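The values are calculated or read from the model by the stated rules, or taken from the named source; none is laboratory data. For clarity, every value in this text was computed on a predicted model and none was experimentally measured. Heads up, the Cβs are rebuilt from the backbone with ideal geometry, glycines too, and the neighbour counts pull from every protein chain shown. The area values use the complete protein model at the heavy-atom level, side chains included, leaving out ligands, DNA and RNA. Shrake-Rupley method; radii C 1.70, N 1.55, O 1.52, S 1.80 Å.
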Amino acid sequence: PKLIPMMQGWVAKDYPGTKIAIDEYNWGGLESINGALAQADILGIFGTYGLDLATFWPTDTPSKQMPGVMAFAMYRNYDGAKSTFGDMALASTSADQSKLAVYGALRTSDGKVTVMVINKTYGDLTETLNLANLMPNGQASAYLYSNANLGAIVAQPAVTVTGPPNGSTTSTLSTTFPAQSIKLLVIPTK
């Protein structure tokens, strides 16, 4: 359902300039990887549509919902040094968002592009991401949250980003997204 665009339409029609919030939401399951995947997907959707505010409503102590907490950390502190996902949404999608959800953003503080990829399937997926209008300046850093370690976000080996061939403006990046995982790619740009 297009809930956020519908609310944005109501505001544009009847209350221009009013901020939009979704408060006290909780999709549940935060004690498992499934809940973490759902939460990471929700945060990506909120950013894609430019939701002004969202208030998560926990149902228990955070220590009992570590996977859900880690989904937030993928966007707000993936490296333990308070590094964050980008603050300017970039048009991003996959051929099937229900299997492999993709969210991209530009981090205006340092010009890096961040791409969050959520593999919702029960199998590893090796995919090539097309990165339009991106001129890479080195390899992408990669961070993974998965069933392999529900207690931590794990830094991964750097991923090669191939710059656009002559006459093109699209760079590419090929990597594997493990089953039921959240992978963040941080791409330096020129």
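Go through (1) of a type outside the set (Gly, Ala, Ser); (2) open to solvent by 40 Å² or more (accessible area, probe 1.4 Å); (3) closer than 21 Å to MET88 by Cβ one by one and return the number of the condition ASN149 breaks.
Single failed check for ASN149: (3).
Sort out which residues of the range 1-55 are touching a helix residue (DSSP H, G or I) at 6+ places or on another chain (Cβ under 7 Å) and not in a helix (DSSP H, G or I), and write them in order of number.
Passing the criteria: THR18, ILE20, TRP27, GLY28, GLY29, LEU30, GLU31, SER32, LEU51, ALA54.
Tell me which residues, restricted to the range 56-111, are among the aromatic types (Phe, Trp, Tyr), within 16 Å of LEU184 (Cα to Cα) and part of a strand (DSSP E or B).
TYR103
In the range 32-73, what residues are of a type in the set (Asp, Glu) and modelled with pLDDT of 90 or more?
Matches in the range 32-73: ASP41, ASP52.
Check the range 177-190 and report whether any residue there is surrounded by fewer than 20 Cβ atoms within 10 Å (Cβ to Cβ) and within 18 Å of SER92 (Cα to Cα).
yes
I need the full set of residues from the range 50-82 which are of a type in the set (Gly, Ala, Ser) and open to solvent by 30 Å² or more (accessible area, probe 1.4 Å), in order please.
The answer is GLY50, ALA54, SER63, GLY80, ALA81.
Could you list, in sequence order, the residues of the range 121-146 that are assigned to a strand (DSSP E or B) and open to solvent by 30 Å² or more (accessible area, probe 1.4 Å)?
Matches in the range 121-146: LEU125, THR126, GLU127, THR128, ASN130, ALA132, SER141, TYR143.
Within the range 84-100, is there a residue that is crowded, with 21+ Cβ neighbours inside 10 Å, touching a Gly at 6+ places or on another chain (Cβ under 8 Å), within 17 Å of GLN180 (Cα to Cα) and at pLDDT 95 or above?
no
What pairs can you find where one residue is in the range 1-22 and surrounded by 11 or more Cβ atoms within 10 Å (Cβ to Cβ), the other is assigned to a helix (DSSP H, G or I) and not hydrophobic (A, V, I, L, M, F, W, C), and their Cβ atoms are less than 6 Å apart, with a gap of 6+ or different chains?
ILE4/TYR49
Is it the case that some residue within the range 110-120 is closer than 29 Å to LEU30 by Cβ, aliphatic (A, V, I, L, M) and either more than 18 Å from the chain's Cα centre (by Cα) or open to solvent by 40 Å² or more (accessible area, probe 1.4 Å) (or both)?
No, that holds for no residue.
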